Amino acid sequence: MAQVAAAHGNKLQFLDFSWNLATKYTFWSGVIGGAFLTMASHGTDQTIVQRLLAARNQRDSRKALIASGFIVLFQFTIFLLVGVLLFVFAQHSPLLVPGDRIDSVLPIFLVREMPTGLTGILLASILAVAMSNASGSLNSLAASSVVDFARLRGDETDAAAFLKRSRRMTLVWGAVLIVFGLLPWGHLLEAGLTVAALPFGSLLGLFFLGTFDSRANATGSLAGMFAGLISVLLVLRYTQIAFTWYVMIGSCVTFAIGALVSRIVARQPAASS
């Protein structure tokens, strides 16, 4: 343990109180930006919401949601510690060669350094978790697509037809995700969080509009949603602000523009008359 503490390369520092918005991981981006990200991912994401709706009652849903927070905290703590240990191990026994992706350090360590039986168990566990998350995401994408398009067309198809369409949409979204997986994204964890943060701000802003603004309407909500998404894309393209702030920025813009446009649209009939 003493060797780990001596060679961790400052990776055990987790309290950075600077207000630099370009720094990805600070105390404030974790508390404030992380709060907005968690509200969006656990309150508006179809993957989580459909699981909460599967609970027996509202009380069980609340318990599952609270338990999820503690489990995620413990899970990410373990992940970070494993990363530090791998970093220290690589100082004495290099795992990567020039040209290798940094994200491949864990599977390379499992294959080269772990005992044969344990390697198989850990690789099977990683694949099982990946398949579980992928199945939930595909199910959510397919269900949302089928229901939304059916409502746009005013289609009242029976359950059997919906099931067939859902299976086809699952294949379609599976192909889309495979294409996305083949693209060069850089560091996978940060790339995944960045991609998720882009639409989460608009989703959370819409939730805030529906919950806290009784005067919000469909036109204002739609305008706010697009404004929030565009604002986050502009921040991504033209600023150095870290992705940990994207959800907060998108949700605030969505709420502000949505509330403003809703009030402007509501006044127009009275002004014209």
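The values are calculated or read from the model by the stated rules, or taken from the named source; none is laboratory data. Quick caveat: nothing in here was measured; it's all calculated off a predicted structure. Neighbour counts run over all protein chains shown; Cβ positions are idealised from the backbone, glycine included. Heavy atoms of the whole protein, side chains included, go into the accessibility calculation; ligands, DNA and RNA do not. Shrake-Rupley method; radii C 1.70, N 1.55, O 1.52, S 1.80 Å.
Have a look at V49, F36, L127 and report the one farthest towards the positive end of the charge dipole of the chain, computed about the Cα centre with Cβ charges (Lys/Arg +1, Asp/Glu -1).
Value: V49.
Debye calculation, C-alpha points only, no solvent: report log10 I(q)/I(0) for the chain at q = 0.09, 0.14 Å⁻¹, in the same order as the q values.
Listed by q, the Debye log ratios stand at -0.58, -1.29.
Could you work out which residue, out of N57, N139, N217, moves most in a Gaussian network model of the chain, that is, has the largest mean-square fluctuation with Cα springs under 10 Å?
Result: N57 has the largest fluctuation of those listed.
Would you please put 220-226, 61-67, 178-184, 191-197 in order of how densely packed they are, using the mean number of other Cβ atoms within 10 angstrom per residue and starting with the highest?
Numbers: 220-226: 20.3, 61-67: 12.9, 178-184: 8.6, 191-197: 16.7.
Peptide ranking by packing, descending: 220-226, 191-197, 61-67, 178-184.
Please give the per residue volume of the convex hull enclosing the alpha carbon atoms of region 103-201, rounded to a whole number of Å³. Present the calculation step by step, with values, prior to reporting the outcome.
On the way: hull volume 12.6 nm³, N = 99.
Once divided by residue count, the hull of region 103-201 is 127 Å³.
Are there DSSP H segments in the chain that both extend 15 Å or more along their axis (alpha-carbon positions) and score a mean Kyte-Doolittle hydropathy of at least 0.0? List them, or say none. Could the numbers behind the result be given before it?
On the way: long enough: 58-92 (52 Å, 1.20); 116-153 (55 Å, 0.99); 159-182 (34 Å, 1.10); 188-212 (35 Å, 1.69); 218-238 (30 Å, 1.56); 246-272 (39 Å, 1.15).
Both cut-offs are met by 58-92, 116-153, 159-182, 188-212, 218-238, 246-272.
When the helices in the chain are scored as -39500 (n - 2.57) per DSSP H run of 4 or longer and the sum is shared across all residues, what 222 nm value do you end up with, to the nearest 500 deg cm²/dmol?
Working: 10 runs with 203 residues, N = 273.
Only helices count here, giving -25500 deg cm²/dmol.
Return the ratio Rg/(2.2 N^0.38 Å) for region 123-273, where Rg is computed over Cα atoms only.
Working: Rg = 19.1 Å, N = 151, 2.2 N^0.38 = 14.8 Å.
Here the Cα radius of gyration is 1.29 times the empirical estimate.
Accessible area per residue, 1.4 Å probe, Å², for region 182-273: what's the number?
Numbers: 5210 Å² over 92 residues.
Accessible area per residue: 57 Å².
Under the definition of Cα pairs under 8 Å and six or more residues apart, what whole-number percent is the relative contact order of region 120-273? Walk me through the numbers before you get to the answer.
Values: 146 pairs, mean separation 34.6, N = 154.
It rounds to 22 percent for region 120-273.
Under a GNM of the chain (C-alpha, springs under 10 Å), which listed residue has the highest mean-square fluctuation: M114, M169, M248?
Taking springs between Cα atoms under 10 Å, the residue moving most is M114.
At most 15 other Cβ atoms within 10 Å and a DSSP loop assignment: could you name the trypsin sites (Lys or Arg not before Pro) in region 186-273 that fit?
Working: sites: R215, R237, R263, R267; in loops: R215.
The qualifying sites are R215.
With only Lys, Arg, Asp and Glu charged, each at its Cβ (+1 for the first two, -1 for the last two), find how big the charge dipole of the chain is about the Cα centre; round to the nearest 20 debye.
Working: 19 positive and 12 negative charges, 113 e Å.
My answer is approximately 540 debye.
What is the percent carbon and sulfur in the accessible area of the chain, measuring with a 1.4 Å probe over the protein chains and ignoring ligands?
70 percent
To the nearest 20 debye, what charge dipole does region 118-273 have about its Cα centre, counting +1 at the Cβ of each Lys and Arg and -1 at the Cβ of each Asp and Glu? Numbers along the way, then the final one.
Numbers: 10 positive and 6 negative charges, 52 e Å.
It comes to approximately 260 debye.
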